[in-house]
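The structure appears below as structure tokens.
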Amino acid sequence: MARPAHRRPGQSRKAQYSLFAAYVVAVTGAVAGLLLAILSVADPVGFAQLRVASHEITAPIARVTRSVTGSISGIDDAVSAYVSAGSQNRRLRKELAETRRQLVATSAMQEENRQLKALLQLQQTNRDAIANGYLLTSTSTSSKRLALLSIGRNLGIAPGQPVRGADGLIGRVLSAGPSVSQVLLLADVDNVVPVRRARDGLPALSTGKGNGDLDIRTLNIANNPFKPGDILVTSGTGGLYPPNIPVAIVVRRQDDGALARPLADPGKVDAVSVLRPYTPDNIEAAPTPAPPAASAPAGTP
Amino acid sequence: MNQKGPRLGEPPSLWRIRLVPVASVMIASALPLMLPLIANSPVLPPLGLLFFLCWQLLRTEMWPVWVGLPLGLWDDLFSGAPIGTAVGLWTLASIAIHYASQRIYWRGFYHDWAIAALLVAAVQALAALITHPHADTGRVLGLVVPQIILSALLVPLFLRLTGQIDNFRLRRR
């Protein structure tokens, strides 16, 4: 039982004024805070340095806890997998069968692709990583999906660089500090990635749902062409993410597109590479004949 | 006055009385970014907010009503929400607690639980809406519902924890 508060300051003018002043400060500060929040939504870069500085404080501790315990990954995944184990098992069996079939088809296509590329004498686009690091920790109490990357400006990391794991795309660098940087994960609600279907190059947009899944929407709304098991890769459209990085696999159809699951789970990935952003400068710098040729595989099926 | 050391039964130092609650909220706010946990959804309850509310429910007069301004700013640095969100929402929450403690003269355990659960739900929902202004409202709210339910169920535990820390804070030597 909490003691009743003595809110009445009595006859003392000083006590009355100080109580009143506390409320004035509180209300003014609250309003200013909310305005600041709206401002920092509109201009996320302006306040990023403040947050980067605070993350520099926690990063050493995160490094230690990570090295001691390893990554406690996907607690939420484990719980939801336990709940839906039966249906998941059925779905996975179906996916496995589907994937085997696709694997055979893909290996044939890869061989064909290799021969065609040899014919065209196209060199593999040089997509050397700027640096490699690992994800230390992430925000887990708010709806924003930000992860902390173990490297920063010391290794040439700058905002806007794509980040990928061995299995696929992880996200992009939002802001870089001296020794850590923040990665906006693929599953964030505000992270939109232009993708295409690996099979036929059907263009689409992937938006995070905030709970680990992705929403896939086609650009032509006439019909819904997605099937469970479709693999989506980055298309290179829009110029941030280089083409042909695996992004997601379609889990089920929805009325306005499809629900997909990222191929690279940031909670399970060990090391990540930070790539050069896919800007015209970098494309020209790459040893490809010409920019149109470099982007040709992205646009055509 | 004995300058050598503390005497038996003497109340704890003012530093300890003042700093322990503030430190507990600050550590709880920063803790999620020290764990090697990479979450795909908001899985952890807002630890800092829960301690903040529990301290105010337990000791309504301990802090001035504007204490949410600095503590909220600290939480914003670590939560990932746009800076200023918790500054505003936490302060409004503490105004709400002060108002409730005037209205409900003898607050009981269930009052405290209900107030904390309501405030956590409101703060987390509004923070999510501020964070994603362009996204679909229903979807954003659906994102934080599991977290809100978890937090509401954990409020008694956090009240207990706060009580324990309060005992430590006021323990006589």
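Each residue of segment B:89-95 is assigned a 3J(HN,Hα), and the resulting list reads 6, 5, 5, 4, 5, 6, 5 Hz, derived from the Karplus form 6.51 cos²θ - 1.76 cosθ + 1.60 (θ = phi - 60°), x at Gly and Pro. Site pair A:VAL24 and A:ILE57 shows an inter-label distance of 3.0 nm when each label is modelled 7 Å from Cα along Cα→Cβ.
The calculated FRET efficiency for A:ASP270 paired with A:ALA108, based on their beta-carbon distance and R0 = 30 Å, is about 0.45.
Taking amide H as placed 1.01 Å from N in the peptide plane, A:VAL195 has its amide H under 5 Å from the amide H of A:ALA204, A:LEU205, A:SER206, A:SER235, each at least 5 places away in sequence or on another chain. In this structure the amide hydrogen of A:GLN254, modeled in the peptide plane, comes within under 5 Å of the amide hydrogens of A:LEU259, none closer than 5 places in sequence on its chain.
As a calculated quantity, the FRET efficiency between A:LEU116 and B:LEU14 at R0 = 45 Å, using C-beta atoms, amounts to about 0.05.
For the protein assembly as shown, lysine pairs with C-alpha atoms less than 30 angstrom apart, excluding pairs fewer than eight positions apart on the same chain, total 10. With a Förster radius of 45 Å applied to the beta-carbon distance between B:TYR105 and A:LYS227, the computed FRET efficiency rounds to 0.10. Scan around B:TRP63 for amide H atoms under 5 Å from its own, H built in the peptide plane at 1.01 Å from N, and keep only partners 5 or more places away or cross-chain. For B:TRP63, whose amide H was placed from the backbone, there are no distant partners under 5 Å.
Values quoted throughout were computed directly from the atomic coordinates according to the rules given, and no laboratory measurement underlies them. Bear in mind the structure is a predicted one, so any value in this text is a computation, not a measurement. Cβ: placed from backbone, ideal geometry, glycine included. Neighbour counts: every protein chain shown.
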